[in-house]
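Structure record follows, encoded as structure tokens.
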């Protein structure tokens with residue numbers, strides 16, 4: 001039987017953090033979704049959006065805000081949830097290797113007969129588990145608020161959107177973990193995790209400005225996640241490639257394993 005000591009230790013050491021982020025996710029959903037009848041479904045809001053430059057509306061993703069699915073996508077999955085999940089993923093990914101190395105505890109852990117490959121894999125598994133728990137919290141909350149808030153979202157599509165958000169933000173976490181394994185520097189790992197999220201969002205926003213720029217969607221993990229409108233179409237929506245975020249995360253994991261096994265750790 002696999003005991004996975006590092007995995008279990010990572011989860012036990014971070015349960016307060018996970019609880020805090022879960023509360024934050026719930027607070028964001030309780031703040032935004034019940035307001036849909038007054039904001040997203042309001043004719044005055046539609047008129048306001050029509051008065052704004054189309055480029056601005058496309059940039060912030062508010063084209064379909066008058067529908068329950070569009071409102072939930074724009075306010076939570078595409079914005080507030082994206083930000084919260086990314087911050088959590090980057091923090092956890094940074095702490096996984098670079099944080100321990102800078103504090104000096106990484107060498108102590110490895111001195112107890114733990115292999116470097118095992119360390120990377122178990123820390124990555126803990127990162128995925130914690131983000132997955134946040135995705136489950138978000139899914140359950142949206143399912144509970146779907147009817148009372150008049151969102152009219154197909155229940156089966158909510159887990160699909162959560163999976164898209166999970167894959168997108170897992171990429172930030174794995175980028176932080178990978179750069180931490182490559183450099184051992186918290187600052188570098190944090191910049192990598194946050195940077196990939198910012199660049200991804202920016203590429204998608206620029207690509208939305210016109211057909212001539214549409215090719216940029218192919219380089220945006222944000223578009224890979226939400227281009228197929230999983231909240232409307234489910235996992236198999238045309239135009240999305242949410243699996244790509246998981247695939248790139250797997251590649252980053254392999255790089256992290258190789259890098260940590262080949263690098264001399266800091267004293």
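The numbers here are math on the coordinates, done by the rules we state, and not lab data. Because the structure is predicted, anything quoted here is derived from the model rather than measured.
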Enter the angle in degrees (range 0 to 90, nearest 10) between the Cα long axis of helix 15-32 and the first principal axis of the Cα atoms of the chain, meaning the one along which they spread out most.
10 degrees
GNM top mover of 256, 89, 156 - the chain, alpha-carbon springs below 10 Å
156
Tilt of helix 116-146 relative to the longest C-alpha principal axis of the chain, in degrees (0 to 90, nearest 10)?
20 degrees
Let me make sure I get this right: for the range 116-244, a, b and c are the square roots of the gyration tensor eigenvalues over alpha carbons, sorted descending. Under 1.5 in a/c it's rounded, otherwise prolate if a/b > b/c, else oblate. Which is it?
oblate
Please report, in whole Å, how far the alpha carbons of the chain spread along each principal axis, starting with the longest.
64, 41, 29
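Using only helices, what value at 222 nm comes out for the chain when you add -39,500 (n - 2.57) per DSSP H run of length 4 or more and divide by the total residues, to the nearest 500 deg cm²/dmol?
-21500 deg cm²/dmol
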Which angle between 0 and 90 degrees, to the nearest 10, do you get for helix 81-94 versus the longest principal axis of the chain when only C-alpha atoms count?
10 degrees
Here the gain from full extension of residue 156 to residue 251, 0.36 nm per residue of separation minus their alpha-carbon distance, amounts to 31.3 nm
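Compute the orientation-averaged projected area for the range 184-267 from the convex hull of its Cα atoms and round it to one decimal in nm².
6.9 nm²
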Ratio for the range 72-134, C-alpha Rg to 2.2 N^0.38 Å, reads 1.40
How high is the relative contact order of the chain, in percent, counting Cα pairs under 8 Å that sit 6 or more residues apart?
23 percent
